[in-house]
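Note sheet for the following structure.
The values are calculated or read from the model by the stated rules, or taken from the named source; none is laboratory data. Model, not experiment: these values are computed from the prediction. Glycine also receives a Cβ, built like all others from the backbone with ideal geometry; neighbour counts cover every protein chain displayed.
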Amino acid sequence: MRLRPTILTALRIAWLLTVVAATMAVSCPRPGPEPAPEPTPDTKSEERKQLEAAYVEGLYLKGACALAFDLATFQRATNPEQQNYRIQSDDQTRYLNVRYQNAVPRQENDEVECEIHYRLDAGESTTLIVKLVVVKATDEYLWLWNEFQKVGIIVQRL
């Protein structure tokens, strides 16, 4: 039996297409490993980094410790029902009083509005009403920070 020229041509074209497709499939590069994700830039301010590196309870203004709790010369009081935390020097010339306006923060990224009263020396006292976010937490302490005002506190958990 003899094939017609059109069928023969069609078979040749099909065979050539098969050879070309097989060659292309073999020559395609294999997928490599996915590239590593771009590192997230550290957007923390220097003042916040200083607060997070600190370990002493107290008030931090612009990254520096303005009032530090010292067990030998200070007293500490907490009142969970009133959502209040206070440290003060034995002579009561210096103090930090924090009153949480809404729920007491518990974990990182919790936000809370606080009324903060402090006196660094005998005489003038300062009051701040500020929204703080928990930037670090341990079983015993919370690090709260306000980026705009560069105010932070390290407090014992209530």
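Quick look at the values:
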{"read-out": "Among the residues listed as THR23, THR43, the single one being at pLDDT 70 or above and part of a helix (DSSP H, G or I)", "value": "THR23"}
{"read-out": "Residue in the stretch 39-62 that is surrounded by the most Cβ atoms within 10 Å (Cβ to Cβ), counting only those that are farther than 20 Å from ASP121 by Cβ and in contact with a strand residue (DSSP E or B) (Cβ under 8 Å, 6 or more places away or on another chain)", "value": "LEU51"}
{"read-out": "Filter result for LEU51 (part of a loop (DSSP other than H, G, I, E, B) and of a type outside the set (Gly, Ala, Ser))", "value": "no"}
{"read-out": "Qualifying residue in the stretch 138-146 (condition: closer than 21 Å to THR43 by Cβ, surrounded by 16 or more Cβ atoms within 10 Å (Cβ to Cβ), touching a residue at least 60 places away in the same chain (Cβ under 8 Å) and not hydrophobic (A, V, I, L, M, F, W, C))", "value": "no"}
{"read-out": "Which numbered condition CYS65 fails, given (1) free of Cβ contacts under 8 Å to residues at least 12 places away in the same chain; (2) loosely packed, with under 14 Cβ neighbours inside 10 Å; (3) not acidic (Asp, Glu)", "value": "(2)"}
{"read-out": "Pairs where the first residue, in the stretch 34-47, is under 16 Å from GLU147 (Cβ atoms) and the second is assigned to a loop (DSSP other than H, G, I, E, B) and among the charged types (D, E, K, R), C-beta under 7 Å, 6+ apart", "value": "SER45/GLU147; GLU47/LYS62; GLU47/LYS150"}
{"read-out": "Residue count for the stretch 100-116, restricted to those that are over 20 Å from the mean Cα position of the chain (by Cα), surrounded by fewer than 16 Cβ atoms within 10 Å (Cβ to Cβ) and at pLDDT 95 or above", "value": "1"}
{"read-out": "Residue match in the stretch 80-99 (condition: buried (at least 16 other Cβ atoms within 10 Å of the Cβ) and of a type in the set (Asp, Glu))", "value": "no"}
